[in-house]
Amino acid sequence: MSLLVDTSVWSLALRRDRPQSSPAIDELVRALGGTDIVVTTGLILQELLQGVVLDRARTQIIERFASMPLIEPDRDDYIAAAGLRNRCRRAGVQLGTIDALIAQLAIRHDHTLLSTDRDFAHASPHIPLRIWRPAAD
């Protein structure tokens with residue numbers, strides 16, 4: 001499986017005080033330690049870096065993300081993201097501009113989105129976004 005990991009999951013995993021235990025964090029740890037492909041995009045990296053205060057934490061994030069494949073949007077992605085956002089809006093679902101672009105990148109590159117952001121869960125019935133869900137017990 002290939003995962004595009006959203007800022008919401010990285011933020012939980014990289015907390016200074018102790019990462020919270022959650023199914024999404026467990027999946028991230030499993031994916032990073034296994035054969036899955038974990039990718040990011042500049043938008044997610046930027047969001048993470050905007051949330052750090054200490055230079056040491058900033059440097060650690062940059063170093064950790066340096067070896068991770070980076071997918072970048074092109075003109076067609078911006079156009080398609082606008083379409084995804086409009087489709088969601090017509091269905092009564094709010095999907096922010098950045099989230100629409102992240103969703104589009106996951107769709108275009110055939111990645112499963114690993115996120116704790118409920119906006120993606122609300123949008124997924126209306127767009128061809130594949131989001132990770134914990135296995136049923």
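The values are calculated or read from the model by the stated rules, or taken from the named source; none is laboratory data. Bear in mind the structure is a predicted one, so any value in this text is a computation, not a measurement. A quick note on method: Cβ atoms are made from the backbone with ideal geometry, for glycine too, and the neighbour counts reach across all protein chains shown.
Specify the residue that is surrounded by the most Cβ atoms within 10 Å (Cβ to Cβ); the eligible residues are those in region 45-90 that are of a type in the set (Gly, Ala, Ser) and closer than 21 Å to HIS122 by Cα. Full working, then the answer.
Of the residues in region 45-90, the ones of a type in the set (Gly, Ala, Ser) are 51, 57, 66-67, 80-83.
Narrowing the set further to residues that are closer than 21 Å to HIS122 by Cα leaves 80-83.
Working: ALA80: 20, ALA81: 23, ALA82: 14, GLY83: 13.
Of everything passing the filter in region 45-90, ALA81 is surrounded by the most Cβ atoms within 10 Å (Cβ to Cβ).
ALA121: without any contact (Cβ under 8 Å) to a residue 24 or more places away in the chain, more than 17 Å from VAL9 (Cα to Cα) and not in a strand (DSSP E or B), yes or no? The answer is no for ALA121.
Name the single residue, out of those in region 91-106 being free of Cβ contacts under 8 Å to residues at least 24 places away in the same chain and not hydroxyl-bearing (Ser, Thr, Tyr), that is surrounded by the fewest Cβ atoms within 10 Å (Cβ to Cβ).
As a first pass, look at region 91-106 and keep what is free of Cβ contacts under 8 Å to residues at least 24 places away in the same chain: 92, 96-97, 100.
With not hydroxyl-bearing (Ser, Thr, Tyr) added as a condition, the list becomes 92, 96, 100.
Values: GLY92: 8, GLY96: 14, ALA100: 26.
So, considering only residues that are free of Cβ contacts under 8 Å to residues at least 24 places away in the same chain and not hydroxyl-bearing (Ser, Thr, Tyr), the one surrounded by the fewest Cβ atoms within 10 Å (Cβ to Cβ) is GLY92.
Restricting attention to region 1-59, which residues are within 11 Å of the chain's Cα centre (by Cα) and among the acidic types (Asp, Glu)? Those that are within 11 Å of the chain's Cα centre (by Cα) and among the acidic types (Asp, Glu): ASP6, GLU47. Counting residues in region 69-86 that are of a type outside the set (Gly, Ala, Ser), more than 21 Å from PRO128 (Cβ to Cβ) and modelled with pLDDT of 95 or more gives one or more.
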